[in-house]
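One structure is given below, encoded as structure tokens.
The values are calculated or read from the model by the stated rules, or taken from the named source; none is laboratory data. Since the structure is predicted, the reported quantities are computational estimates derived from the model, not experimental observations. Cβ atoms come from the backbone with ideal geometry, glycine included; neighbour counts cover every protein chain shown. Note: areas computed on protein heavy atoms with side chains; ligands, DNA, RNA excluded. Shrake-Rupley method; radii C 1.70, N 1.55, O 1.52, S 1.80 Å.
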Amino acid sequence: MIVSHEWLRAFVPHALSPEQIGALLSAHVATLEGVEALRADLAPFVVGQVVASERIPDTKLSFNRVDDGSGELLDVVCGAPNVEVGAKYPFARTGTTMPGGALTIERRKIRGHTSNGMLCSARELGLGDNHDGILTLATEAAPGTPLLRVLPIGDARIELDVLANRPDLLSQRGVAREVAALTGVPLEAPAELRAAPTLPKATTGERAAAADGVSVTIDDADGCPRYCAAVVRGVRVGPSPEWLIRRLEGVGARSISNVVDVTNYALHGLGQPMHAFDLARLAGASIVVRRARAGEPITTLDGVARTLDPETLVIADAERGQAVAGVIGGRDSEVTDATIDVLLEVAYFDPARARVSRRRTNVSTDASYRFERGVDRAATRELLDAGLALLTEVAGGTVTAILDVGAAPGALPAVRLRASRVARVLGAPVVPHEIERLLGSVGFEITRDAAPTEAGDATWNVRPPSWRQDVTREIDLVEEIARLVGFDAFPDELRPVRPGTTADDPLVIATRRVREALVGAGLYETRPLPFVRGDDVTHARVANPLGEDEPHLRRSVLETLARRAEDNLSRMQGDVRLFEVGSVFAPTRAGALPIETLTVGALVMGARRPPHFTEPKPPAFDLWDAKWLAELAGRAAHPGGRIGLLLADDADLWRIEVDGRTIGRVTRLALDAPVWAAPAFGVEVALGVIGSDPIAPNGSNRWDRAAPEPAAGAPPVRFSPLPTTPAVELDLALVVPDAVRAAAIEAVIRQAVGPLLESVSVFDEFRGAELAPGTRSLAWRLVLRDPARTLRDKEIDGRRQRLLAALDTELGVRVRGL
């Protein structure tokens, strides 16, 4: 939303600078995106006064002495015929760059005289086309005063990030209400809106009305509860006056014609889209608000021929559609230079219907943006009168009829507010009379209960103004009070309070553990959207996607992490350490919701650690780093469970298991990467299924089960004590028949070694001519530890012999080399 500082001052005559207004609005109303000064190119120019002047013989030039406020009179040669002693003109000192940047004023010799600056014309300053003489300033300002303080051209655009819940801020008047409340300066009507033309009595009707040969009918009262129209005859279409052009330029809009500019003034200034029809081009001089007919054609103001359907609301005449209601007008009834009679429309359209019409026609306009979010439901007739005052002022004409059909939606319901609730939410009390003052300053009707509650709590019934459709609950009123007081005014210390009495969900606890573990390992968290470019067979499609390039829900967190890695590679950043905790979605039968699983994914590639003078080229991440991350994430996600990594049978490197259930994978990722990029490895671990049976139907889910639910009342495991006794590492190279799975070997190892086994893992696989056909060599690392004492060599040797005997007997697996 762009706010014109000068237009805002017309509503609230404050004395603050644009930067001060921007900071005030950002602190209390909406985020400030920036402040842009208009005509900042005129900032170097000052008021200059000619104190002496004489003609240079045989030329049209004059030699002048100019006071520019510097304390020294400057010699200036000028070719304009209208230089007068004592008059004041725009003056460019030496070194000033003229608008457009093509010319810089320099000190130079002209006809034997030295010129130190230039007296400027309106055309040279970009203020008009008059180049016959220099621009005379009718001002009492002293020489040297900045020109922007003298001429009304020094506007500034204040850009605000207005969220969808505050459509009342999509106008100059809406923002002015807030400025008036925050500064205490009363809100008033700008000078151009104070005229009160003589208007005829309105002709009203529940569904139809007619006057002066014009009729209005509402066929779809749900889509258009109220429609007001006025007939203005004898208008003169032409250029707008300068003040109206400046108003529109202040918000970034261009002038078209006086009639169209009035409708744009109402849109940007008052927040109410208006539309002007050429009455002579409306068949039957009638307006019908109805649903479009199937296949009904219309050519809109942007010159595009569109085909409508019955979901679209149109403004039609007796024969065909003339505008898409709440979105865009039609080419066949637009106002032109030949227009004499105008029908001015001001209506209230249902926001949901306006959104449907906008999507169906695939066109977005300033009008649809406001109608979709909701305009002031009670101001339709008031704003029509304001539009008629402007229209007759700038284009002439006579208002011969006003038609007011239908009725606006009822008043917004009152909301009950408690002072105790305000204090509890904000962390500090706000005195009752201050609550009443603050809410009243922005238009709320507040009625205090005659007697407080038994606990002495003050309560009110608060009715929002018609332009604040976002306030429906007590917490909305608390937010209003907080922002009007100023968030900085409330205490910011952390207090011993919990927002609720319900314990955290196990998935929340698991997420916290995983996040802390991966951040501690040096990874950076990212939170991209879960949308990917998939297909309708393997992925669930979103019914209303944000973009057609990514209309599907991801099956794996690694899908989106891979895209983030490619973004980094495209910027020559090859060292990537990212993780995300997010949902993945497995499609189910047609019409059913997908299965949503909360997972954690990690992606590493490039240098394992930053370069150092002792290690200029650190080693790159490899599959063993990814395996370690998988173990780290698995233990954090499922503490107390038995984590194992088994060689995968598919394209993955390892399967991650907990207590025999598959919960994730370790894989090497295929990226769209340059040749210099290091390999990328991904880890994905499931934390649990959200809102669904933990067992995925028909194996559609990658994970066998969700995270096990903790025992009722059992606190989550946060840590395990550090061991105080030394560990013994035992490496075994085993010759394994191809038919024997690594999982079976691990099971035998755990059974044979017993409780002294702290961890077991495969760290190498070998195949070659040295081995018998149909076999492979797997290298295992066993870590043994007793938590209370140091293990003796005899114990280690005994368990080793027992393990080798069990492997040979049960699986036919022997130690390599024997």
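Percent antiparallel among DSSP beta bridges with both residues in the chain, to the nearest 5?
On the way: 140 of 149 bridges.
Here the antiparallel bridges make up roughly 95 percent for the chain.
Order the peptides 785-797, 273-285, 745-757, 346-358 from the highest to the lowest mean number of other Cβ atoms within 10 Å of their residues. The partial results should precede the final answer.
Values: 785-797: 12.1, 273-285: 20.4, 745-757: 16.2, 346-358: 22.4.
Ranked by mean Cβ neighbours within 10 Å, highest first: 346-358, 273-285, 745-757, 785-797.
Step through the residues of region 80-96 one at a time and calculate ³J(HN,Hα) from phi using the Karplus curve (6.51 cos²θ - 1.76 cosθ + 1.60, θ = phi - 60°), rounding each to whole Hz and writing x for Gly and Pro.
6, x, 9, 6, 10, 5, x, 7, 10, 9, x, 10, 10, 6, 4, x, 6
Which lysines have a Cα less than 22 Å from the Cα of K60, not counting those fewer than 8 places away in the same chain?
K88, K109
List every residue whose amide H lies under 5 Å from the amide H of A156, counting only residues 5 or more places away in sequence or on a different chain, with H placed 1.01 Å from N in the peptide plane.
Residues meeting the amide H criterion: H5, E6, L38.
Straight-line reach from K617: which lysines have a Cα under 25 Å away, not including same-chain ones fewer than 8 places off?
In chain and number order, the partners are K627.
Which of the helices in the chain meet the span-like rule: DSSP H, Cα axial reach of 24 Å or more, Kyte-Doolittle mean at least -1.0?
Values: long enough: 793-811 (26 Å, -0.85).
Length and hydropathy pass: 793-811.
In terms of modelled amide H atoms, which long-range or inter-chain residues lie less than 5 Å from the amide H of S240?
Placed amide hydrogens put N258 under 5 Å from S240.
Let me check I've understood the local charge: for V342, count other residues with C-beta under 9 angstrom from its C-beta, Lys and Arg +1, Asp and Glu -1. What total comes out?
Values: positive: R233; negative: D278, D341.
Result for the local shell: -1.
Can you give me the solvent accessible area of R9 with a 1.4 Å probe, rounded to the nearest 10 Å²?
Roll a 1.4 Å probe over it and R9 shows about 90 Å².
How large is the accessible surface per residue of region 269-426, computed with a 1.4 Å probe and reported in Å² as a whole number?
Values: 5800 Å² over 158 residues.
For region 269-426, the solvent-accessible area averages 37 Å² per residue.
What list of ³J(HN,Hα) values in whole Hz, one per residue of region 659-673 in order, does the Karplus curve 6.51 cos²θ - 1.76 cosθ + 1.60 (θ = phi - 60°) give from phi, with Gly and Pro shown as x?
Residue by residue, region 659-673 yields 6, x, 9, 6, 10, x, 7, 10, 9, 9, 8, 8, 10, 7, 10 Hz.
Calculate for the chain the 222 nm mean residue ellipticity that helices alone would give, adding -39,500 (n - 2.57) per DSSP H run of length 4 or more and normalising by residue count, nearest 500 deg cm²/dmol. Before the final figure, lay out each step's value.
On the way: 17 runs with 191 residues, N = 818.
Mean residue ellipticity at 222 nm (helix-derived): -7000 deg cm²/dmol.
What's the carbon and sulfur percent of region 252-375's accessible surface, probe 1.4 angstrom, rounded to a whole number? Don't jump to the answer; show the numbers that get you there.
Details: 2060 of 4500 Å².
In region 252-375, the share of accessible area belonging to carbon and sulfur is 46 percent.
Count neighbours as other Cβ atoms within 10 Å of each site's Cβ, and list the chymotrypsin sites (Phe, Trp or Tyr not before Pro) in region 718-818 that are DSSP loop with at most 11 such neighbours. Before the final figure, lay out the partial values.
Values: sites: F719, F763, F766, W780; in loops: F719.
Within region 718-818, the qualifying chymotrypsin sites (Phe, Trp or Tyr not before Pro) (loop, at most 11 other Cβ atoms within 10 Å) are F719.
Can you list the residues, at least 5 places off or on another chain, whose amide H is less than 5 Å from the amide H of D622, using H built in the peptide plane?
The answer is none.
Sum up the charges of everything whose Cβ sits under 14 Å from the Cβ of L390, counting Lys and Arg as +1 and Asp and Glu as -1, but leave L390 out.
On the way: positive: R173, R194, R247; negative: E192, D261, E382, D385, E393.
That sum, taken over residues with Cβ under 14 Å, equals -2.
After finding the eigenvalues of the alpha carbon gyration tensor for the chain, what semi-axes result from the square roots of 5 times each, listed largest first in whole Å?
So the three semi-axes of the chain are 71, 38, 29 Å.
Quickly rank 548-555, 653-660, 140-147 as a protection proxy: mean count of other C-beta atoms within 10 Å, highest first. Don't skip to the answer; put the middle values down first.
Numbers: 548-555: 18.0, 653-660: 20.0, 140-147: 16.2.
Put in order of decreasing packing, that is 653-660, 548-555, 140-147.
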